[in-house]
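Notes follow the structure.
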Amino acid sequence: EDKVVQSPLSLVVHEGDTVTLNCSYEVTNFRSLLWYKQEKKAPTFLFMLTSSGIEKKSGRLSSILDKKELSSILNITATQTGDSAIYLCAGRIQGAQKLVFGQGTRLTINP
Amino acid sequence: EAGVAQSPRYKIIEKRQSVAFWCNPISGHATLYWYQQILGQGPKLLIQFQNNGVVDDSQLPKDRFSAERLKGVDSTLKIQPAKLEDSAVYLCASSLTDGDYEQYFGPGTRLTVT
């Protein structure tokens, strides 16, 4: 059964801290891994990773995929209260193109 | 460009009643997805359409859930009869096609079954 597991499930830090969120996957016919940010209801897209070892970066957020370890990390530097959200990662299955989501990491940034 | 539209935003029903959700994807997007997100969990795919054909409905509880996408644009998801465990947020998403494209999510419908 395809499975995506995220850790930690919950994280509370102070503004300005750097955080690392983890995602591991067991997905048959893996194609790519996606990260989403969910603040209210609708997840918003952050990154799509297909190649191992190539970092994707957007402002203070960055992510990298390790296909050997079947994992990915999402880094957020100099965190702000607006970064408080649930961060979801999902593995995409080749062929069917369906996404299998992890349970999410709830990140809380305290001022 | 306009995003994915969903309605209603909230719905409260009693168990055994029926309910329907509506989704209008981003214009030109061929692929449409319905997800169920139970509190504290990630979204789970219920059904995926490519235009008006079903690509994947392996996790759709077909004894009570049904979905259609007539004319390959709008879609409706129905639950009949509802159970307490159907309480969740129902998310609709669309993508340009079924390749390696980003999925854009709508605001979701929060369903509470009492």
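Sorted on the mean count of surrounding Cβ atoms within 10 Å across their residues, most packed first, peptides A:35-47, B:57-69 read A:35-47, B:57-69. Working note: Karplus 6.51/-1.76/1.60 with θ = phi - 60° gives segment A:100-107 the couplings 10, 8, x, 7, x, 10, 8, 9 Hz, where Gly and Pro are set to x.
Only Cα pairs under 8 Å and at least 6 apart count here; give the relative contact order of chain A as a rounded whole percent. Show your work: numbers first, answer last.
Details: 285 pairs, mean separation 41.7, N = 111.
Relative contact order for chain A comes out at 38 percent.
With a 1.4 Å probe and every protein chain left in place, work out the accessible area per residue of the protein assembly as shown in Å², rounded to a whole number. It would help to have the intermediate numbers written out before the result.
Values: 10760 Å² over 225 residues.
Using a 1.4 Å probe on heavy atoms only, each residue of the protein assembly as shown averages 48 Å².
In this simple spin-label approximation, A:ASN22 and B:THR97 carry label points 7 Å from Cα along the Cα→Cβ vector, and these lie 3.9 nm apart.
Computed across the protein assembly as shown, the Kirkwood hydrodynamic radius from all distinct Cα-Cα pairs reaches 18.0 Å.
Nearest 100 Å² is fine: how much accessible area is buried between B and A, summed over both sides, with a 1.4 Å probe? Before the final figure, lay out each step's value.
On the way: alone 6340 and 6170 Å², together 10760 Å².
By this definition, chains B and A bury close to 1700 Å².
Roughly what % of DSSP beta bridges within the protein assembly as shown run antiparallel, to the nearest 5? So the antiparallel bridges in the protein assembly as shown amount to around 90 percent.
With Cα atoms defining each centre, segment B:25-55 and segment B:86-106 are spaced 4 Å apart in the structure.
In this view, the solvent-accessible surface of A:ASP66, computed with a 1.4 Å probe and all protein chains in place, comes to about 60 Å².
Would you mind checking B:LYS11/B:LYS62; A:LYS40/B:LYS11; A:LYS40/B:LYS62; A:LYS40/B:LYS44 for any pair whose Cα atoms are more than 24 angstrom apart? Correct reply: A:LYS40/B:LYS62. Computed about the Cα centre, the dipole magnitude for the protein assembly as shown is approximately 480 debye when only Lys and Arg (+1) and Asp and Glu (-1) carry charge, each at its Cβ. Between B:ARG16 and A:GLN94, the modelled labels are 5.0 nm apart [label points 7 Å from Cα along Cα→Cβ].
The values are calculated or read from the model by the stated rules, or taken from the named source; none is laboratory data. These numbers come from a predicted model, not from an experiment. Ideal geometry is used to build each Cβ from the backbone, glycine not excepted, and the neighbour counts take in all protein chains shown. Please note that ligands, DNA and RNA were not included when accessible areas were found on the heavy atoms of the full protein model with its side chains. Shrake-Rupley method; radii C 1.70, N 1.55, O 1.52, S 1.80 Å.
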